[in-house]
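Single-structure report; data block below.
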Amino acid sequence: MKKLLSGNEALARGAWEAGVRAAFGYPGTPSTEILENLVKYDGPYCEWSPNEKVAMEAAAGAAIGGARSMVTMKLVGLNVAADPMMTLSYIGVVGGMVIVVADDPGMNSSQTEQDTRHYARLAKLPVLEPGSAVECREYMMKAFDISEKYRCPVIIRTTTCVSHSRFLCEVGERQASRDSAFEHNPSQFCPLPIWGRKLRRDVEERMVAQAAEACGSALNQESKRGTKLGIISSSVAALHCLDAFPEASVLKLGWAWPFPDELIRDFASRMDRIAVIEEGDPILEEHVKSLGIACDGKNVTPRCGELTPIVIQGVKARLEGAEAPVAKPVADANDLPGRPPMLCAGCPHRGIFFGLTKYDVIVTGDIGCYSLGVFPPLSRTDTILCMGGGFTVAHGMVQAGEKRPVVGIVGDSTFFHSGMTGLLNMVYNQGKAILIVVDNRTTAMTGHQDHPGTGRTLMGKPTAEASIEKIAEACGVKRIRVVNPYDLKQVDDVLKESLAADEMTLIISRAPCILKERRQLGPKPSVDTAACKKCKACLKLGCPAIELSDAKAAPSVNSSLCIGCGLCVQTCKFGAMK
């Protein structure tokens, strides 16, 4: 039977067919939909963990116990999960364990463009790189077999294109899943130095055996079409090369690490010229050159961005000494005005950022919808580092002697992910920044996933609803204020009071995400053009529902976008917003 599946859907299907018993992860584009699709199948236990480190450790526990497990995350999530992954490479697993990491060439929805293959080399774990949804399903099933054969986790590295593109895929039935039954073996699972040194040597022996198997693996495929040019590539870039270079032979490495040296040498020996075309860093290119094989690589291939078909055409032109083609704009989009990203009409975060515009403060932001507070006209975010950094960066600034007040902001999901430790650190070390949790009752930016504060699990079961206030109290926070972000006076009063206080304040701005609620908050206002003084104060909210057709005209409210939050009515001093 065949089904039309995206790469993420195919990964979920492959895991289910392979008999995965437990799956863990933290939502992050482009990986989010893997668990969201796996949870639709009967059998596996699925969980949104508070962060990627917790998810990695839970998956490790399941696999050490003998069950097949999986953990999913986006590229920067692996930074959080790297600590347990490094040790897990040494102690190994019993049941198969697959680590799915979705990279994001071109930074479509990520703060970096890091290449997961660096982590694979550091951790000495094998990497499979599917290039299509068909391969996603097949590679997932193969990854579990490799994991159990070598008793180590296997990384599946996807990209945004692979995660979201669709193919017609063969699907099968689910294999019987193995029960978890842990067997006592401290010399294997407790890497104290006396045992860890042996485990370290075992890792090197494992790598040699894996490289040898990779040379003969069907995951590595050669398309023989000529000897003038041989291309070594992987993932979706290899598929693009098959189209762009119809006369070139292409060696597509599906088992991308450890490198299949003999396969690469054999391929190169039959070609007049070799080109390595890979997304991200020149990891494969550098290794090919280390084998003594001359090749083109990043001298013709961009190091940054996604290798789309038009970019591959540019690579081909440079290899041939011709001028690279320039992508033409879509004809229908030529005259469209630019639209900067902005908070949605009626977004509860807007009230907090608008309130902060009245004060001379430094705002350290975080990863989430509220990152959009950096853009005009709000312009109320000064730094964005990483999840949880909204609190910790604020603390560092204050402790370093910053004279201006510092406000640190995180979201509710981020608070549970990595904000709690920053809060605890500030209390313990007597920091005095103002901390704000913009609690919209969901993990909004990645598509409204649940988290420990929503009272519901990924599998749809009611559960304990973690309280931000009580956690803060347990950490020792004395000043806690909860505000309705749609009440601008209340927001201003609390901000003013907090700035005057000589101690840390935690402000919780609580109102649900309007895209998740999908309801009208109140009556939609209209503009009384006779009363309007054209001061444009309402435009400073940055609400997309408030429009200005002409610089000299009065603003108007787009009723198809407005949800009746009432912020514009509160900002108008002349009663023109009614």
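Overview of results
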| item | result |
| --- | --- |
| Check on residue 350, assigned to a loop (DSSP other than H, G, I, E, B), more than 30 Å from residue 282 (Cβ to Cβ), touching a residue at least 12 places away in the same chain (Cβ under 8 Å) and among the charged types (D, E, K, R) | no |
| The stretch 504-556 - residue that is of a type in the set (Ser, Thr, Tyr) and touching a residue at least 24 places away in the same chain (Cβ under 8 Å) and, of those, nearest to residue 437 (Cα to Cα) | 509 |
| Failed criterion for residue 340 (all others in (1) crowded, with 18+ Cβ neighbours inside 10 Å; (2) under 30 Å from residue 437 (Cα atoms); (3) without any contact (Cβ under 8 Å) to a residue 60 or more places away in the chain; (4) out of contact with any Ser or Thr (no Cβ under 9 Å at 6 or more places or on another chain) hold) | (1) |
| Members of the stretch 169-182 found to be assigned to a loop (DSSP other than H, G, I, E, B) and either free of Cβ contacts under 8 Å to residues at least 60 places away in the same chain or charged (D, E, K, R) (or both), listed by number | 173, 174, 178, 179 |
| Output for the stretch 540-560, where each listed residue is modelled with pLDDT of 95 or more, of a type in the set (A, V, I, L, M, F, W, C) and either assigned to a loop (DSSP other than H, G, I, E, B) or farther than 18 Å from residue 514 by Cβ (or both) | 543, 545 |
| Unmet requirement for residue 313, which otherwise passes all of (1) in contact (Cβ under 8 Å) with a residue 60 or more places away in the chain; (2) farther than 30 Å from residue 52 by Cα; (3) assigned to a loop (DSSP other than H, G, I, E, B); (4) touching a helix residue (DSSP H, G or I) at 6+ places or on another chain (Cβ under 8 Å) | (3) |
| Residue pairs meeting the criteria (Cβ under 9 Å; at least 6 apart or on separate chains; first outside the structural domain of residue 542 (by TED's automatic domain parsing), in the stretch 366-389; second surrounded by fewer than 22 Cβ atoms within 10 Å (Cβ to Cβ) and acidic (Asp, Glu)) | 374/382 |
| Counted residues, the stretch 508-525 - those being touching a helix residue (DSSP H, G or I) at 6+ places or on another chain (Cβ under 7 Å) and farther than 21 Å from residue 445 by Cα | 1 |
| Only one of 275, 256 that is under 24 Å from the mean Cα position of the chain (by Cα) and buried (at least 23 other Cβ atoms within 10 Å of the Cβ) | 256 |
| Hey, residue 83 among the acidic types (Asp, Glu), over 24 Å from residue 9 (Cβ atoms), in contact (Cβ under 8 Å) with a residue 24 or more places away in the chain and assigned to a helix (DSSP H, G or I) or not | yes |
| Some residue of the stretch 62-72 being outside the structural domain of residue 388 (by TED's automatic domain parsing), crowded, with 24+ Cβ neighbours inside 10 Å, of a type in the set (S, T, N, Q) and more than 22 Å from residue 123 (Cβ to Cβ) | no |
| Test: residue in the stretch 560-567 that is polar (S, T, N, Q) and surrounded by fewer than 18 Cβ atoms within 10 Å (Cβ to Cβ) | yes |
| Options 66, 43, 14: the member that is in a helix (DSSP H, G or I), touching a residue at least 60 places away in the same chain (Cβ under 8 Å) and either under 17 Å from residue 128 (Cα atoms) or in contact with a Phe, Trp or Tyr (Cβ under 8 Å, 6 or more places away or on another chain) (or both) | 14 |
| Residue within the stretch 515-535 that is farther than 20 Å from residue 378 by Cβ, in contact with a Ser or Thr (Cβ under 7 Å, 6 or more places away or on another chain) and not in a loop (DSSP other than H, G, I, E, B) present | yes |
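Okay, residues lined up against (1) out of contact with any Cys (no Cβ under 9 Å at 6 or more places or on another chain); (2) in the same structural domain as residue 483 (by TED's automatic domain parsing):
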{"site": "512", "(1), (2)": "yes, yes"}
{"site": "531", "(1), (2)": "no, no"}
{"site": "542", "(1), (2)": "yes, no"}
{"site": "547", "(1), (2)": "yes, no"}
{"site": "550", "(1), (2)": "yes, no"}
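The values are calculated or read from the model by the stated rules, or taken from the named source; none is laboratory data. The model shown is predicted, which means the values in this text are computed figures rather than measured ones. Ideal geometry is used to build each Cβ from the backbone, glycine not excepted, and the neighbour counts take in all protein chains shown.
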